[in-house]
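If you scroll down you'll find the structure; I have some questions about it.
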Amino acid sequence: MKNTPVFIIVWFATLSILVATAWWIVTQTTRNWFERDVTLRSDLVASSVRHALLQDSGLENIDRLRELLRDIARDERILAASLCNPEMRRITATPGFPNSLSCQKVGPYVHVTKGGAQGPWTAWREITELPPGGQVHVSAIPLMDDLRTYGFIVLIQDLSFVARREDSTQRFLLWAFVVLATLASIVTLISSRLLRRGWSKELREMARGDSGRRSPEFAPLLSDLRDLLERLAKEEQSELLGGVWTPQRLKLTLQRHLHGERIIVVANREPYIHDRAPDGGIRVLHPASGLVSALEPVMRACSGVWIAHGAGSADRETVDARDHVRVPPGEQSYSVRRLWLTPDEERGYYYGFANEGLWPLCHVVHARPIFRAEDWQYYRAVNEKFADAVCQEVDTPDPVILVQDYHFALLPRLLRDRLPHSTILTFWHIPWPNAEQLSICPWHVEIVEGLLGSSILGFQTQHHCNNFLHAADRFLESRLDREDFAVIRKQRRTLVRAYPISVEWPHHWAAAAPPIAQCRMEVRAELQLPENAKLGVGVDRLDYTKGIEERFRAIERLLDREPEWIGCFSFLQIASPSRTKIKRYDRLSPDLEQLAQRINTRFETADWRPIILRRQHTEPPDVFRLYRAADLCYVSSLHDGMNLVAKEYIAARDDETGVLVLSKFTGAAYELAEALIVNPYDLEEASTALSAALRMPLDEQRVRMQAMRRLIAELNVYRWAGRMLVDASRVRRREQLLGLLSVPEAR
Ligand code: G6P
């Protein structure tokens, strides 16, 4: 609390002034009381003496008078007394009566004159110091009745008790004040803190929209806050709209909105795999993964660290002591931190729960998901392992962490617990099922709960966002903010947004590829096709969700329906082996081979076959050469989050020709309206589209391709990342603003 010293000084000064004033008032009052007391006492003594004189009829009986004075002096407060006659001579006095207070000295002040009761009589009183140093009260009081004047009595009273009493009264008062003031201050302090905390809590709840209450006193502050947030959102929105997103712009956005923090990506698949080559050397492979091809350019632009499973056969040999390696080779703009998994972990977490459970669960392809309790344990343990790795990599309390895909559904919550101030952007690259489907997974509640650790949860389409919002609403105690597309759970808000992923633009593999004409010629020569033969291409991982079988059957149907294509149209299918330890995947390769062979046998000629199946990993330069050589690309996924092959094909076609035939069950189909959109299960529709693609005039190809290229140039992957980062900064700013409203103790 910054104002504490000022507060203490003010508190102390006020208390001192209060105590000093009270002190003065009390001193004056008690002194007056005691003086009145002493005066009263001396008047009483004088009156009793007068009584005695009246009874004894005068001052003659000296012994009696001496006795009388001694009696008076027995009072412990009366130190001495003397009696003086009207002639100012002493009649008698108690022993030790001070000579300095002789009758002659005191008399003139008493104004005793002869003439008895008619004279002007006044008592004289004075406080004085008497040796050896005590304060005394001296009073000289006339003794008379209506007829005569007897003289006057001088009384000396001890005043030291007054000083003692004053002392103890003042001390008592002082302490009473200190205790009272301290108690009052503590009570005020506690109640003000409680009040502030209550206000702050209520205000934050209202600002977050978590509270049903609306205290009118907060209305102006809240409306200011909302104005500010809206202004910031508009500024950011206008920044997002328009203009081309480039790596530089993305980097600037990161610097401007997130103060240049490096980002931490967590994705199971690493962007560069170091592999032991057949000749014994080490080669670098680019994995066949849409996730990797999208995220890698973002990391090159932003720099930071990518935490991934080190799965390459030479990965361990290429890292430093901290398991880091700088990439891309030769460029070295960011780091990959490799995590090593045991064979059991890989089997349970990757092959088991992620790819035999979640993968078929999320894709509507009629493949039965398999959920094993043991796999779930490994999935949890590996998510923990990655959370530990993130904590080792962060260098600020509020890092920006990008969690990728279905391998890490629990990671956002684990990170939120460990790094409460981090900004966690989770992106789910594959489809998100509806609530019924999701509930097949025995741990669906934990999965939804885990993802809600994110600040922002991104999906490819609004439809998948809606599915998630519905699941959160149905399976967890949470509140939906339908205006803002957010889930509020345990006072934390997770934005659920659609961020359709994309490719880099311009694409560096396209830029590095040979000219289109050269690609066409070379590829046809390699495939031993006539120069003017039509070529279709498909590039996929060997995955049952990609609809490769349906694709081959559509080609078969085309040849059945339009035999004129026999001998002059071939389809080249690149199929990268994937997840081969899983039975369902392992079976796919021979099944496809058999299917291709059956179709080829039906239609092949001596020097031509319709389907060329290459079941091998193909590096991006070759893939891009094929894209540029082909007349059409057929993406026939049965269900796909986005499918970046479709976008890569468009990025590769800088000649603005070529036709994309695209499954309507891909996320890409929502954006690429100029493609020929088909239902891949419907072989009539698909084969008709293939025919239309092959016959499409160049002009129409150009119009369609130009429109799609314009769209992807604008909605490229830098914009995808930029939108998420800008939204993240908005979330961060909102949290900071709400943080400002809270007393630090309440956080
Ligand atoms: C999909 C997933 C990615 C994954 C890729 C390749 O695109 O969304 O997360 O990296 O498939 O699969 P793999 O299992 O080889 O990484």
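The values are calculated or read from the model by the stated rules, or taken from the named source; none is laboratory data. Computed from a predicted structure; not experimentally measured. Using ideal geometry, Cβ is built from the backbone for each residue, glycine included, and neighbour counts are taken over all protein chains shown. For accessibility, only protein heavy atoms count, side chains too; no ligands or nucleic acids. Shrake-Rupley method; radii C 1.70, N 1.55, O 1.52, S 1.80 Å.
Can you pull the accessible area of T342 for me, 1.4 Å probe, Å² to the nearest 10?
Accessible area, nearest 10 Å²: 60 Å².
With every protein chain left in place and a probe of 1.4 Å, what is the accessible surface of D224, to the nearest 10 Å²?
Near enough 100 Å² of accessible area.
What does the accessible area per residue of the chain come to in Å², with a 1.4 Å probe and no ligands, DNA or RNA counted?
For the chain, the solvent-accessible area averages 46 Å² per residue.
Let me ask another. Any chance you could get the radius of gyration and Dmax over the Cα atoms of segment 622-745, in Å?
Cα only, segment 622-745: 19.9, 72 Å (Rg, Dmax).
Magnitude of the Cβ-charge dipole of segment 266-320, K/R +1 and D/E -1, about the Cα centre, nearest 20 debye?
Dipole about the Cα centre, nearest 20: 120 debye.
Determine, for each peptide in 189-200, 558-569, 378-389, 650-661, the mean count of other beta carbons within 10 angstrom over its residues, then list the peptides with the highest first.
The most tightly packed comes first, giving 650-661, 378-389, 558-569, 189-200.
Here's a follow-up. Which is farthest toward the positive dipole end of the chain among S589, G667, Y109, measuring Cα position about the Cα centre, with Cβ charges +1 (Lys, Arg) and -1 (Asp, Glu)?
Y109
Just the number, please: percent antiparallel of the DSSP beta bridges in segment 399-542, rounded to the nearest 5. Could you put the intermediate results ahead of the total?
Working: 7 of 19 bridges.
Antiparallel bridges make up about 35 percent of those DSSP assigns within segment 399-542.
Ratio of segment 580-650's C-alpha Rg to 2.2 N^0.38 Å, to two decimals?
Values: Rg = 14.5 Å, N = 71, 2.2 N^0.38 = 11.1 Å.
Compactness ratio reported: 1.31.
Okay, next question. Can you give the alpha-carbon Rg of segment 216-329 over 2.2 N^0.38 Å, where N counts its residues?
Compactness ratio reported: 1.57.
If you don't mind, another one. If a cysteine in the chain has no other Cys Cβ under 4.7 Å from its own Cβ, put it on the list, ordered by number.
Taking the Cβ cut-off of 4.7 Å, the unpaired cysteines of the chain are C302, C362, C391, C441, C465, C519, C568, C633.
Could you rank the peptides 422-429, 47-54 by their average count of other C-beta atoms within 10 Å per residue, with the highest value first?
422-429, 47-54
Same structure, new question: Restricting to Cα pairs below 8 Å that are 6+ residues apart, what does the relative contact order work out to for the chain? Please round to a whole percent.
In percent, rounded to a whole number, it is 10.
Per residue, how big is the convex hull of segment 320-372 when only Cα atoms are used? Give it in Å³.
Normalising the Cα hull of segment 320-372 by residue number yields 117 Å³.
Another question, then. Extent of segment 415-517 along each principal axis, from alpha carbon coordinates, in Å, largest to smallest?
Largest to smallest, the principal-axis extents are 59, 34, 29 Å.
Angle between the Cα long axis of helix 219-240 and the longest principal axis of the chain, 0 to 90 degrees, nearest 10?
30
When the C-alpha atoms of segment 496-638 are aligned to their principal axes, what extent does each axis show, in angstrom, from largest down?
For segment 496-638, the Cα extents along the three principal axes come out at 51, 41, 26 Å.
Next up: Angle, helix 717-740 long axis vs. longest principal axis of the chain, Cα atoms, 0 to 90°, nearest 10?
It is inclined by approximately 10 degrees.
Taking the alpha carbon gyration tensor of the chain, what are the square roots of 5 times its eigenvalues, largest first, to the nearest whole Å?
107, 23, 21
Related question: If you average 1/r across every pair of different Cα atoms in segment 543-605 and take the reciprocal, what Kirkwood value do you get, in Å?
Numbers: mean 1/r = 0.0788 Å⁻¹.
Radius from the Kirkwood sum: 12.7 Å.
With all protein chains present and a 1.4 Å probe, how do R524, R89, R482 order by accessible area, largest first?
On the way: R524 5, R89 140, R482 165 Å².
Result, largest first: R482, R89, R524.
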